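Since the structure comes first, as structure tokens, the remarks are kept for the end.
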Amino acid sequence: MKTTCTILAAHLGLAASIIAVPAGHEMVGIPSACIEAPCAALAAKAGKLEAPLASGGSLKGKAAYTEEVLKNGKIRQKLSFEIQGAIPGVKLEITVKGAKLGQITADSLGRAKLELKAGGDDPGALKSLPSLVAGDAATVGGASGRFAAK
């Protein structure tokens with residue numbers, strides 16, 4: 001099987017090349033999921049996504065998601081939220097794909113930020129975060145949006 005996948009090779013930190021893998025064999029240094037799944041599906045999932053968040057009023061902001069495969073095969077994820085125009089001191093519920101992730105509290109200027117990290121080798125990181133793709137929804141308080149490739 002020969003597959004040309006420049007996006008995947010760059011994502012893994014490898015030189016762009018043609019990946020040739022005989023049936024039943026596995027390439028050293030490349031996670032088996034990268035070989036077994038179609039490159040287009042991995043390219044759509046991997047990388048950076050951003051969701052502009054807006055409400056009918058003054059509440060607005062953005063959510064950002066990154067996912068990368070490290071050289072050791074582990075997946076590192078980062079999910080962040082920024083909001084402005086909230087009522088100072090108000091707690092805003094955060095949901096992604098319909099799942100509640102927590103709350104953030106607006107500061108005296110009506111702004112709030114949250115950054116979550118998972119995977120990789122960071123001892124302070126969470127075990128995992130929801131894996132996101134383009135089209136997934138995010139909400140912070142009354143502001144909502146959908147993730148798209150950045």
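The values are calculated or read from the model by the stated rules, or taken from the named source; none is laboratory data. Worth saying up front: this structure is predicted, and the values here are computed from it rather than measured. Please note: Cβ atoms are built from the backbone with ideal geometry, for glycine as well, and neighbour counts cover all protein chains shown. The protein model used for the area step is the full one, side chains on, heavy atoms only, and it has no ligands, DNA or RNA in it. Shrake-Rupley method; radii C 1.70, N 1.55, O 1.52, S 1.80 Å.
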For an R0 of 22 angstrom, estimate the FRET efficiency from the Cβ-Cβ distance between residue 100 and residue 149 and round to the nearest 0.05.
0.30
Stretchable slack from residue 74 to residue 127, in nm (0.36 nm times residue separation minus alpha-carbon distance):
17.9 nm
Set of aspartates and glutamates near residue 91 by C-alpha distance (under 13 Å), chain-local residues within fewer than 8 positions excluded:
107
Checking the table 74/100; 60/113; 48/113; 48/97; 62/117; 78/100 against a 23 Å threshold on Cα-Cα, which pairs fail?
74/100
The range 52-150, accessible surface, carbon-and-sulfur percent (1.4 angstrom probe):
53 percent
Cα-centred dipole magnitude for the range 37-150, charges only on beta-carbon of K, R (+1) and D, E (-1), debye, nearest 20:
120 debye
Expected sort for 72-78, 48-54 on mean C-beta neighbours within 10 Å, highest first, is 48-54, 72-78
